[in-house]
Every structure is written in structure tokens, then in C-alpha cells.
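The values are calculated or read from the model by the stated rules, or taken from the named source; none is laboratory data. Because the structure is a prediction, the values reported are computed rather than measured. Glycine also receives a Cβ, built like all others from the backbone with ideal geometry; neighbour counts cover every protein chain displayed.
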Amino acid sequence: MRGIKARSATAGYTLFLLFLANLFNAGDRALLGIVVDPIKADLSLSDMQMSIVAGIAFVLFNLVVGVFIANWADRGNRKLILTLGVALWSGATALTGLAQGFGSLAIARILVGVGEATVFPVAYSMIADLFIPSQRPRSIAVFQSSLFIGLVLGSILAGVLAAAHGWRMMFIICGLAGIVLVALLMVTMREPARGGADGIADKSVPAEKMLSTIGHLLRLPGFLCLSLGTAFASMAGGVLPVWAPAFLLRSHDVALASVGALIGPTVGVGGIAGTLGAGILATRLARGRGSEVPGMLVPLVALPFATPCLALFLFTPSLAVTMGFALVMNFLLSMALGPCIAVAIGMAPQRMRAMSSTLMLLATGLIGSALAPALVGAVSDALQPTFGVDSLRYGMAAIVPAPLIATLFLWRAYVVASRHAPSASR
């Protein structure tokens, strides 16, 4: 009994540390979106250049490096990998405050992306080794909720610090704060035993066969549709941190010092409630089934309702009503990732779990975090001569159909994966 309690306490504390790492991760990502317009003005950049810095440059390096980090995490010391990642992105966040133009700003954000590429492979791999299958949707939901808490805190902090000290000092202060987390990880985190929650021997491919691992995962029933569905579901989530603050500044005349405090809690409350709610519902659906697949019913119900909320968020003239729809929209959109990641790591062999989550995040990042913000920026630039400051509103409207497309892919993944899911509790 004491051994079980000790393992449970260790699992809970490790999840807490992963929660903190993702909170810092999300907080640092939120900083740039709050100060898009001041940076754009100071460095004489266009909306498309800001999209490249915040989206394509950041995400592509984050994802490409993430594949190699995932391969490392499936074989190496995950505590070391995460600690190095936090140190790198914290230093690069501070360097963002020293940027003198498009090139130096892009390099700083690329380094942030490389450091932050360590979080998700390490976290999902550790969670799979710490919690049994029926507990994973809830554990992943707790971990994912840190994303929205980080966005809230990061948005508020960025707005206040940028208004008081300028955007450069804001980045420097926030970057240096990551040193505390580095020390905490080094001193207190323990590396969990692989397969400890499953109680079965590792039967994965040899470590050197990374391409074989990727090929094996892509051939798993439903995995490709699951990845694409999650990617389209993330498009709005990829656009909002980059463009929602600028949208409120331009189309609703919100002051810079207030934009973070306005959008952060609104988006955060919806995101946290949706993430935790989805985790609880998916865990109940998965309990006694021997598989996480039934939890996919949660995003299949939620996502179709997110589409009208996204449209109303963009085109409602009242700021209060706009933020109300932002809350509901984020509640619904945030119900997708946790259950889908739980299915991905559940269907993968033990030493492919970091890679399975990373391949899903690769699709999510390319479509949701790179393509979507760049598409919005390009449409906004193209429509600016006609619509002026409101061109961003119409640029963001380009992603309104995305939740419906996601639903189609996830339904196909659910049908295929259900045929191959175990019917008894593991």
C-alpha cells in the first residue's frame, strides 16, 4: 500500500513539474502576440513578416527539431532533455528583446521554438509511463490546462510590462524568469521507468530505426486521419495567440495595456474549462473499455458548434459579445487535443510514444500554427487597401470552416480506430 501511494505521489509531482514547464512554454508563446503592433512599428515590418516570425519561422523549426527530440526522448533521459529545452527557450526569449530587425527577430524566435520542442514529446512520454490507460485522458487534460493558464498569465504580464517598460524589456524579464524552473527541474524531477504504468515489456523497434518508427506509426489504423483532424481543429487556436490581440486593437480600439488582461482571462477560462471537461468526459467514456478511443466522442460533439462561435467572434460589433463568443469558442475548441493525444499515445508501442505525439503535433503545427497564421496575414495584407484596419477581421475569417473539416477527419479516425481497439480494460 505504501508503495502504491509513493508511486502515486511521484506521478502527481512529476505531472506538476510538467504542468509548470508547459505553463512557461505557453506564457512565452503568448508574449509576441500581445506586442505584434509595437514590434511591427518599431522594426518597420509587415503583417506577413510578423506571420512568418510568429508562425512559419517559429513552428517549422519547432516541429522539424521536435521529430529528432522525440526520437531522443523515446530512448534517452527525458529529464535532461526537458531541462536543456527550458534553458534554451528562456535565454532566447530574453534575446528577443534585443532584436534589431526581421532577421534577428526571426532567429530569436527560431531558438525559442527549438527549446520549446522538448516539452510535448517529454511530457506525453512521461505521462504514458506514469498513468494507466483509463487515467491518461484526465492526466493529459491537467497537463494541457497549463497551456491556457500560461496564455492568460503571459498575456496579462506582457500587456502590463510592455505598457510600463516597453516590449524589449518585457521579453528580457520574462526570459530570465525561466531560470527558476531550470533549477527546480534539475533538483527535484525524477525520470520515470518506461512502461511502468502498463506492466509489460518493451517491444519497440531498435533505437537507430527512426524512419521505421515513423513508418510504423503512420500505418497504425486511424493515425493519419487522427493527426489531420487534430491539425484542422487547432487552426483557430494557432491564429488567436498571434492575431486576436491585434484584431482587438484594430477593430475594437482596445488599448495595448488592456488587451492582454481582456483576452487572456476570457480565452483562458474557456480553454481551461474545455480541456479539463474533455479530460473528465473522455476518462469516463474510456473507463472499462481498455482503450482511449471512446473519448474521441467528446471532440466529435464539440467541434461542429465551434464554427458559428468563431464567425460571431469575428463579426459581432459589440466588444462584450465578441469576448463572450471567444470564451465559448475556446471552450469548444480546447476539447479536441487531449482526447486525441490520449488515443495517439495509447495506440503506440512504449518507445514510440514521444514520436507518436510529436507526429501529431507536427501536423498540428504545420497546419494550425504555421499555415493558418500565415494565411491570415497574407489575406489581411491583400485586403488592406480595401478594408483598412478591418482587413485583419476578414483575414481571420478564412479559418472559419476549419472545425468542420476537423470533425470529418476525426470521425473517420474514430470509426477506423474503434475497429482495432481492445474491448476489455488493460
Q: Take Ala354 and decide whether it is in contact with a Phe, Trp or Tyr (Cβ under 9 Å, 6 or more places away or on another chain), part of a helix (DSSP H, G or I), buried (at least 24 other Cβ atoms within 10 Å of the Cβ) and modelled with pLDDT of 95 or more.
A: no
Q) With Asp74, Asp47 as the choices, which residue is over 18 Å from Leu151 (Cβ atoms), in contact with a Gly (Cβ under 9 Å, 6 or more places away or on another chain) and of a type in the set (Asp, Glu)? A) Asp47
Q: May I ask you to verify whether Ser155 is among the hydroxyl-bearing types (Ser, Thr, Tyr), part of a helix (DSSP H, G or I) and free of Cβ contacts under 8 Å to residues at least 24 places away in the same chain?
A: no
(Q) Step by step: first the residues of segment 278-333, then only those that are closer than 18 Å to Ser418 by Cβ and among the hydroxyl-bearing types (Ser, Thr, Tyr), then the one that is modelled with the lowest pLDDT. Which residue is that? (A) Ser291
Q) Do any residues in segment 211-231 that are within 11 Å of Met352 (Cβ to Cβ) and buried (at least 23 other Cβ atoms within 10 Å of the Cβ) have Cβ atoms under 8 Å from those of residues that are among the acidic types (Asp, Glu) and at pLDDT below 85, where the two are at least six apart or on different chains, and which pairs are they? A) Thr213/Asp74
Q: Output yes when any residue across segment 29-37 is aliphatic (A, V, I, L, M), closer than 19 Å to Ala123 by Cβ and either modelled with pLDDT of 85 or more or touching a strand residue (DSSP E or B) at 6+ places or on another chain (Cβ under 7 Å) (or both), and no when none is.
A: no
Q | Residue that is nearest to Thr118 (Cα to Cα) [pool: residues in segment 22-31 that are surrounded by 24 or more Cβ atoms within 10 Å (Cβ to Cβ) and out of contact with any Pro (no Cβ under 8 Å at 6 or more places or on another chain)] | A | Asn25
Q: Would you check which residues across segment 330-344 are of a type outside the set (Gly, Ala, Ser) and under 16 Å from the mean Cα position of the chain (by Cα) and list them?
A: Asn330, Phe331, Leu332, Leu333, Met335, Leu337, Pro339, Cys340, Ile341
Q. Just a yes or no: is a residue in segment 47-70 buried (at least 19 other Cβ atoms within 10 Å of the Cβ), modelled with pLDDT of 85 or more and over 26 Å from Arg190 (Cα atoms)?
A. no
Q) Failed condition for Leu84, given (1) outside any helix (DSSP H, G or I); (2) aliphatic (A, V, I, L, M); (3) more than 27 Å from Ala163 (Cα to Cα), with all others met? A) (1)
Q | Residue pairs meeting the criteria (Cβ under 9 Å; at least 6 apart or on separate chains; first more than 12 Å from Arg109 (Cβ to Cβ) and outside any helix (DSSP H, G or I), in segment 39-64; second among the basic types (Lys, Arg) and at pLDDT 80 or above) | A | Ser46/Lys40
Q: Evaluate segment 110-117: report whether one residue or more is within 16 Å of the chain's Cα centre (by Cα), of a type in the set (Asp, Glu) and either under 28 Å from Gly395 (Cβ atoms) or assigned to a helix (DSSP H, G or I) (or both).
A: yes
Q) Among (1) modelled with pLDDT of 90 or more; (2) more than 30 Å from Ala128 (Cβ to Cβ), which single condition is Leu408 missing? A) (2)
Q) Only one of Ala382, Ala374, Ala370 is modelled with pLDDT of 85 or more, among the aliphatic types (A, V, I, L, M) and surrounded by fewer than 24 Cβ atoms within 10 Å (Cβ to Cβ); which? A) Ala382
